[in-house]
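Right, one structure below, let's go through it.
The values are calculated or read from the model by the stated rules, or taken from the named source; none is laboratory data. Note that this is a predicted model, so its numbers are computed, not measured. FYI the Cβ positions are ideal-geometry reconstructions off the backbone, even for glycines, and counts take in every protein chain you see.
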């Protein structure tokens, strides 16, 4: 009895506030835009009974999805989101791996402190961390001031409001998500494995590629998914650091909803985004499950 | 049978405290306990002995109430306890990991069970103090479990499970986490406490020496079945099967064919060109029946010449010698390649070893030294 | 491993410089005299003074704080229950769906979560305000709490609960007297995580808030869109300071507790 209650409360909560809303999104994505409140049609009128329900379903159609394929803004935005996510995940890995590796090799007594230094930015406001780069990357920003002062360049570089700024922002804000899983994989790695490899004739670098990298692969995979999946739907970074040329689907959805007030199209955009994300999410879940099974 | 000896299992009038009646326990496809019946009597110190996966832990968890039998019944004092949840049973358990509550002091750990029964404050304090005295933990009452040593933690776990004066105390590998020296001391302490409190103990262990030391009776288990239930000396001297003989202590097993040779005596033909072995047996064998002769190494005598009186004597040569301090074990190879172990006590200090590698020797034993087993 | 190789030293130095220099610059320029954030014109704390006068920011901060306290508390209760059910609940109808709903919000883009919740609230005619933000934040942060708590429960020695049952506890008593006190650190860090997530959230709050309730991130976002301002620098500095103090205190407390535990264990082992 008590067990049933314990299961039911979080279950019903998630059903009502997580699953049901998705079906509402799906339903509205099949509706038409209307200048009304709420700004879409049809609305379900249960007072008319069965006829009302039939009437309601007969008015649903895939018009909005057809629209998404006709206007090249949308598919370009999807493609560009995936491209930006892949490139920035690669750079995050490139920056994050040496840090995780250095942490795992650091003296035992430093590690908790280094760990805290990685986690600290994670607890700090995301918005503030993105905002910090606005002052650095702008035309009269600190980076340009430094480069001009050292004489490397003679005219300021335009970085803010370009894709480069978006990449920098993503790498910066998502770095802890990459470092932590790789670090935990590397920390568990038995040091004698490297010694055994060297004993059997590997050079340092060979031992790294043949032993360390394969054994830290679960951490690399987890880190890449943790960065890539949320970046595809990212909104804050492209809207603060990106320019008019930066196309990302999160931003498109936001504008469709808040600026154009086209709720059905915004919902259709969300449904397609979700479909794109299903594959990496399932792969990620599978990877995590394999990890927990291996640990048991 | 001497009536002053504690042996309720030989008394047909005695009522068992615990009865397993045709108990079967299955986990999915796997049968952990296979149609098993067993009686355990009051005040017994009963040991369930077997390799890991033999079902001994499942037996204990069914007694505690964490598992229920798939088939059959378990009775405690004549009452079926299957429907009773663990927290309502007059059975307490000492866990292998001790399972001491890390956030409570030693005192509060021991008082935990009494508090659940709403024991009056005064009685509760008395009982906890009594338990602390019994387990010599008085100075550590205010410490937390991580502030005391492994041996002390073991005693806290014992005190906590005894505090509610259960009818039955279950001990799951109680000494498994202690080192060898401490384990031996603690075995005697456990027996002492069992005697003082008069509680029935059921202990699960994979350590045969531990089972033999502490228990009044031992049940040897394998693959969910009881192989033999008897007192330690009977298990050792008259094992019921090759499995039990092999599991308990060191043994030589010689396969052969039995032929009757007078009352309870048999001749065993075991190798071509070798004289048959003579052995007595209480169980009867038909002529030509295959059998196994089990003989303990300490019952085999080793000598340079053939002993004149010996009933059984075989020649071989020394293959290996293991010096164990108090004992030496000789591995003697027979002409047909069989290795027989013979043990001698090193009674004199730094005596010259009588035999060396490759020395020809005679092995001999009496007709009653060996046990004849059907399988 | 006693000494760091030069390669590791360089990668750690550069890595942490990359992580921290932007925030340090932000903090330094919050004390700039000039309105022009990129030009240093002397030390001043005037932007902090102006911040204290800014009613809009103060109101938003108050709303954010209330939302965070309510939603993180609710999320901790629900998330702990969900974790317990997932780890100890055994089999029940729809278990796979349940665990899927626990893990999915962790990687769900915020724009989708925000949009779907908004459409739900409109659909059932709930006025958008503090209540809707609390409901939204509770929903996604309970999943984070559940992940934190269940990772602790997985390593929890099950025989402790069995010992409690064996000594006469009902299952509910065993949870209250044994399980909960032992997993308390994980529950507390789950609460802190939920609290921070709620304080931090811009996207979901933007969708689910109404004109009556504006949170601090929404305010900051609309100010920041217009460009860098020293006032925002000052506000950011304050927020960074609070988090830093919190994280450092927490790690010092756990470090000291661990050291004390290790000393006790060493002392206990010596007795033997």
Some residue of region C:74-82 being in a loop (DSSP other than H, G, I, E, B), touching a helix residue (DSSP H, G or I) at 6+ places or on another chain (Cβ under 7 Å) and more than 11 Å from chain A (Cβ to nearest Cβ): no
Single unsatisfied condition, residue B:226 versus (1) at pLDDT 90 or above; (2) within 15 Å of the chain's Cα centre (by Cα); (3) more than 18 Å from residue B:374 (Cα to Cα): (3)
Cβ-Cβ under 6 Å pairs, at least 6 apart or on other chains, region A:104-123 side more than 7 Å from chain C (Cβ to nearest Cβ), far side assigned to a helix (DSSP H, G or I) and buried (at least 18 other Cβ atoms within 10 Å of the Cβ): A:104/A:183; A:104/A:186; A:114/A:103; A:118/A:176; A:118/A:179; A:122/A:176
Among the candidates B:12, B:86, B:16, residue that is in the same structural domain as residue B:213 (by TED's automatic domain parsing), crowded, with 16+ Cβ neighbours inside 10 Å and without any contact (Cβ under 8 Å) to a residue 24 or more places away in the chain: B:86
Filtered residues of region B:12-57 (kept if within 15 Å of residue B:223 (Cβ to Cβ) and out of contact with any strand residue (DSSP E or B) (no Cβ under 8 Å at 6 or more places or on another chain)): B:27, B:29, B:30, B:52, B:53
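For every residue, the table says whether it meets (1) within 21 Å of residue C:157 (Cβ to Cβ); (2) within 26 Å of the chain's Cα centre (by Cα); (3) not assigned by TED's automatic domain parsing to the domain that holds residue B:192.
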| site | (1), (2), (3) |
| --- | --- |
| B:92 | yes, yes, no |
| B:102 | yes, no, no |
| B:123 | no, no, no |
| B:126 | no, no, no |
| B:141 | no, no, no |
| B:146 | yes, no, no |
| B:151 | yes, yes, no |
Lone unmet requirement of (1) on the phi < 0 side of the Ramachandran plot; (2) surrounded by 20 or more Cβ atoms within 10 Å (Cβ to Cβ); (3) touching a residue at least 60 places away in the same chain (Cβ under 8 Å) for residue B:238: (2)
Residue C:63 at negative phi, without any contact (Cβ under 8 Å) to a residue 40 or more places away in the chain and surrounded by 13 or more Cβ atoms within 10 Å (Cβ to Cβ): no
Conditions (1) within 11 Å of another protein chain (Cβ to nearest Cβ); (2) surrounded by 14 or more Cβ atoms within 10 Å (Cβ to Cβ); (3) more than 19 Å from residue C:105 (Cα to Cα); number of the one not met by residue A:262: (1)
Single unsatisfied condition, residue C:12 versus (1) within 7 Å of another protein chain (Cβ to nearest Cβ); (2) farther than 24 Å from residue C:216 by Cα; (3) outside any helix (DSSP H, G or I): (3)
Tally, over region B:322-339, of residues that are surrounded by 11 or more Cβ atoms within 10 Å (Cβ to Cβ) and under 26 Å from the mean Cα position of the chain (by Cα): 4
Top-ranked residue in region B:30-51 [being farther than 13 Å from residue B:229 by Cβ and over 14 Å from the mean Cα position of the chain (by Cα); ranked as surrounded by the most Cβ atoms within 10 Å (Cβ to Cβ)]: B:33
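Conditions (1) within 16 Å of the chain's Cα centre (by Cα); (2) in contact (Cβ under 8 Å) with a residue 40 or more places away in the chain; (3) outside any loop (DSSP other than H, G, I, E, B), marked per residue:
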site	(1), (2), (3)
C:194	yes, yes, yes
C:207	no, yes, yes
C:218	no, yes, yes
C:226	no, no, no
C:234	no, yes, yes
C:247	yes, no, yes
C:257	no, no, yes
C:265	no, no, yes
Residue tally, condition within 14 Å of chain B (Cβ to nearest Cβ) and touching a helix residue (DSSP H, G or I) at 6+ places or on another chain (Cβ under 7 Å), over region C:183-210: 3
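Every residue, every condition in (1) in a helix (DSSP H, G or I); (2) under 16 Å from the mean Cα position of the chain (by Cα); (3) buried (at least 23 other Cβ atoms within 10 Å of the Cβ), yes or no:
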| residue | (1), (2), (3) |
| --- | --- |
| C:120 | yes, no, yes |
| C:138 | yes, yes, yes |
| C:145 | yes, yes, yes |
| C:149 | yes, yes, yes |
| C:159 | yes, no, no |
| C:178 | yes, no, yes |
| C:189 | yes, yes, no |
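Table: residues versus (1) more than 11 Å from chain C (Cβ to nearest Cβ); (2) free of Cβ contacts under 8 Å to residues at least 24 places away in the same chain; (3) touching a helix residue (DSSP H, G or I) at 6+ places or on another chain (Cβ under 8 Å); (4) within 25 Å of residue A:221 (Cβ to Cβ).
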residue: A:101; (1), (2), (3), (4): no, no, yes, yes
residue: A:130; (1), (2), (3), (4): no, no, yes, no
residue: A:142; (1), (2), (3), (4): no, yes, yes, no
residue: A:150; (1), (2), (3), (4): yes, yes, no, no
residue: A:161; (1), (2), (3), (4): yes, no, no, no
Residue A:286 vs. criteria more than 20 Å from the chain's Cα centre (by Cα) and surrounded by fewer than 21 Cβ atoms within 10 Å (Cβ to Cβ): no
Selection count, region B:103-129, where residues are closer than 12 Å to residue B:164 by Cα and assigned to a loop (DSSP other than H, G, I, E, B): 3
Lone unmet requirement of (1) out of contact with any helix residue (DSSP H, G or I) (no Cβ under 7 Å at 6 or more places or on another chain); (2) within 14 Å of chain C (Cβ to nearest Cβ); (3) at pLDDT 90 or above; (4) on the phi > 0 side of the Ramachandran plot for residue B:98: (1)
Condition met for residue A:278 (within 30 Å of residue C:225 (Cα to Cα), within 12 Å of chain C (Cβ to nearest Cβ), at pLDDT below 90 and in a helix (DSSP H, G or I)): no
Test: residue in region A:193-216 that is modelled with pLDDT of 90 or more, part of a helix (DSSP H, G or I) and either within 11 Å of chain C (Cβ to nearest Cβ) or within 30 Å of residue A:240 (Cα to Cα) (or both): no
Residue list for region B:266-320, restricted to those being closer than 19 Å to residue B:234 by Cα and assigned to a strand (DSSP E or B): B:279, B:280, B:292, B:293, B:294, B:295
Condition broken by residue C:82, with the remaining ones in (1) modelled with pLDDT of 85 or more; (2) within 30 Å of residue C:237 (Cα to Cα) satisfied: (2)
Residues of region B:340-375 classified as at pLDDT 90 or above, farther than 19 Å from residue B:296 by Cβ and crowded, with 18+ Cβ neighbours inside 10 Å, total: 0
